[in-house]
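I am attaching a structure below and will ask some questions about it afterwards.
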Amino acid sequence: MRSRLSTLFDALLPVIATLAALAVGAVMLLFLGINPIQAYGSLWQGAFGSSNAFAETLVKATPLLLVALGICISFRGDVINIGGEGQMVIGAILATWVGLTFTDWPGWLVITLSMLAGFVGGAVWGGIPGVLKAYFNVNEILSTVMMNAIAVQLMNFLLRGPMIDPSQAQLASKIPQTARLLDAFHLARLVPTRLHMGALLAVILAFVVYILLWRTTLGYRIRAVGQNPHASRYAGIQVPRYIVLALLLSGAFAGLAGAVQVFGVNYRMITDGSASGFTGSAGFNGIVAALFGQLHPLLSIPASILFGALLVGANSMQRAMQVPSALITALNGLVVVFVVSSEIWRHKRQRKRMAVAAREEPPPPSAESKKPNQAEAGA
């Protein structure tokens, strides 16, 4: 019973961490003279209060889920991908280029090719740190963060130069954005909301990633490398190959998230000079959604919806209660810190339980104990 309760507690740790973060946020609201119950009520209404509000939550959750699926793959392979922002940007650039280049092609074909271009672009951008990690022992945290910076500067150059909207090119104050995609290239929407087919695609891919990780040899080898690379190498698994593959697939899903964001929401690429100006920080928030879902693709679905609701509802709370924008940022940051901390604590509890179980396990019978005594031998 104690073991079951401990397992249940570990499973609920992300939820408890989120509630703890909201409790700290409530104290901050009280210091500002704002009723926390009313503030969180407006947050709930903004995220789930109507069909349109719920649709906006799902729209915000879609890129989080796609990034989270990639994070589930990379973290299971014991490689940490912090480059989701840059991978989203590169995937979006390639997808947008396809949409703006092949304007005479059928819409369904351009959308398909654009999604594939985003997938491949993110895979290449994630595969580069994978190669550096696997064959040159370069820390993947450092390399993926640096790749984010390169992607942002590349985006700024393209959106202010070769890919800029022709209507902006001649203006003195140019807006860094591409031309708008043709209506035939937009992902189908659930009218009258902004919910698009990208959300359904993300859910389908969550089941695909689950099958990949737990029902295929490829997924088993990725997880084996993540659990113990030395034992995997002894068993004949090409460890460097699967390190590269884990980061490659992780980047691919982030790149697909960028493509979906362009073809389902923005219909063009636009930036304020930073990655978050386009991604909305989905490349980082997707990591938290994956950790909240305990690095399980299917559990990442409700986790992404929860964080999508927090992002949408926080904006509604800011408008309704006149909450400072800095507090909204702090509240989101609190949730991130508490959830990540709970994941670290969960791993420590698991290691402690394994150590206790190892101490309590009876030793194997020795060779002396296996020898029959004289009476038994005489009998």
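The values are calculated or read from the model by the stated rules, or taken from the named source; none is laboratory data. As the structure is a computational prediction, the values presented were derived from the model and not from experiment. Note: ideal-geometry Cβ built from the backbone for every residue, glycine included; neighbour counts use all protein chains shown.
Could you check the range 93-105 and list, in sequence order, the residues that are assigned to a loop (DSSP other than H, G, I, E, B) and not hydrophobic (A, V, I, L, M, F, W, C)?
Thr103, Asp104
Mind counting the residues in the range 224-238 that are buried (at least 18 other Cβ atoms within 10 Å of the Cβ) and either touching a Cys at 6+ places or on another chain (Cβ under 8 Å) or in contact (Cβ under 8 Å) with a residue 12 or more places away in the chain (or both)?
Summing the residues that are buried (at least 18 other Cβ atoms within 10 Å of the Cβ) and either touching a Cys at 6+ places or on another chain (Cβ under 8 Å) or in contact (Cβ under 8 Å) with a residue 12 or more places away in the chain (or both) in the range 224-238 gives 3.
Could you tell me whether any residue of the range 61-78 is among the acidic types (Asp, Glu), within 24 Å of the chain's Cα centre (by Cα) and on the phi > 0 side of the Ramachandran plot?
Yes, that holds for at least one residue.
Let me ask something additional. Within the group Val209, Val152, Val110, Val120, which residue is in a helix (DSSP H, G or I), crowded, with 17+ Cβ neighbours inside 10 Å, at pLDDT 95 or above and in contact with a Phe, Trp or Tyr (Cβ under 6 Å, 6 or more places away or on another chain)?
Val110
Give the residues of the range 234-269 that are touching a strand residue (DSSP E or B) at 6+ places or on another chain (Cβ under 7 Å) and of a type in the set (D, E, K, R), sorted by residue number.
Within the range 234-269, Arg268 is the sole residue that qualifies.
Being in contact with a helix residue (DSSP H, G or I) (Cβ under 7 Å, 6 or more places away or on another chain) and either of a type in the set (A, V, I, L, M) or more than 25 Å from Val89 (Cβ to Cβ) (or both) narrows it down to one of Gly293, Gly286, Gly313, so name that one.
Gly313
Right, something else. Take the range 312-334 and flag every residue that is within 26 Å of Ser250 (Cβ to Cβ) and either under 15 Å from the mean Cα position of the chain (by Cα) or of a type in the set (D, E, K, R) (or both).
Correct list: empty.
So which pairs qualify, if the first residue must be in the range 148-164 and free of Cβ contacts under 8 Å to residues at least 24 places away in the same chain and closer than 13 Å to Ile175 by Cβ, the second must be assigned to a loop (DSSP other than H, G, I, E, B) and of a type outside the set (Val, Ile, Thr), the Cβ gap must be under 8 Å, and the two must be at least 6 apart or on different chains?
Once the first residue is free of Cβ contacts under 8 Å to residues at least 24 places away in the same chain and closer than 13 Å to Ile175 by Cβ and sits in the range 148-164, its partners that are assigned to a loop (DSSP other than H, G, I, E, B) and of a type outside the set (Val, Ile, Thr) give Arg160/Lys174; Arg160/Pro176; Ile164/Lys174; Ile164/Pro176.
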